[in-house]
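Working notes for the structure below.
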Amino acid sequence: MDVRYINPFIEAVQSLFRTTLGADVLIGKPALKDKNTPRSEISALIGFSGGAAGHVGLCFSKTSAVRIASRFAKEEIALGSPDLADALGEMANVVAGQAKAKMDGMGIAISLPRVLAGDHIPQVSSSRVPILVLLCDSQLGRFNVEVCMELNRQKAAEPHAEVATA
């Protein structure tokens, strides 16, 4: 994993929470996803390719997803409402746009986000491509930022610094 491709997403999540949601988010130390990682019930996934390929997931419990999406939409959103996936997808789109701007010149293409719920969410990584998990706490609820990435050795340069945490 290369922090040059991770930090822009983390910084974008922090910015989204601070500026749009009016909430601070504390991001914990990175760890590898395993069977003890809190189960995600709803995830907004952002795919990327180029110097690195993979995805970043904003992963929520149902309760946190409803609280966070409702704050984002500035109205109450019920669990099961199509507005929930729309709001989470738009939040992921904001994160993707901010991250992409910070990676200008790095040869990264970012896909449109997709929202998955229930049994459609992969829960444990393979041994081939581990998933990095950052546990996050905010006034609106807990969630995870999960990063699954493979470097394209021909396009990626040497890694820099550390993963940004609060």
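Miscellaneous remarks
- Qualifying positions in the stretch 72-95 - buried (at least 22 other Cβ atoms within 10 Å of the Cβ) and more than 14 Å from Ser43 (Cα to Cα): Ile77
- Criterion: at pLDDT 90 or above and either at negative phi or under 13 Å from the mean Cα position of the chain (by Cα) (or both) - qualifying residue of Ile110, Ile121: Ile110
- Single residue of the stretch 131-164 satisfying the filter (acidic (Asp, Glu) and modelled with pLDDT of 90 or more) that is nearest to His55 (Cα to Cα): Glu146
- The criterion of at least 3 residues that are more than 12 Å from Phe143 (Cβ to Cβ) is met by the following strands (runs of 3 or more DSSP E) wholly inside the stretch 24-83: 42-50, 52-60.
- When the stretch 34-50 is limited to residues that are closer than 12 Å to Glu146 by Cα and in contact with a Leu (Cβ under 7 Å, 6 or more places away or on another chain), the one that is surrounded by the most Cβ atoms within 10 Å (Cβ to Cβ) turns out to be Ala44.
The values are calculated or read from the model by the stated rules, or taken from the named source; none is laboratory data. Keep in mind the model is a prediction, meaning the values are calculated, not measured. Please note: Cβ atoms are built from the backbone with ideal geometry, for glycine as well, and neighbour counts cover all protein chains shown.
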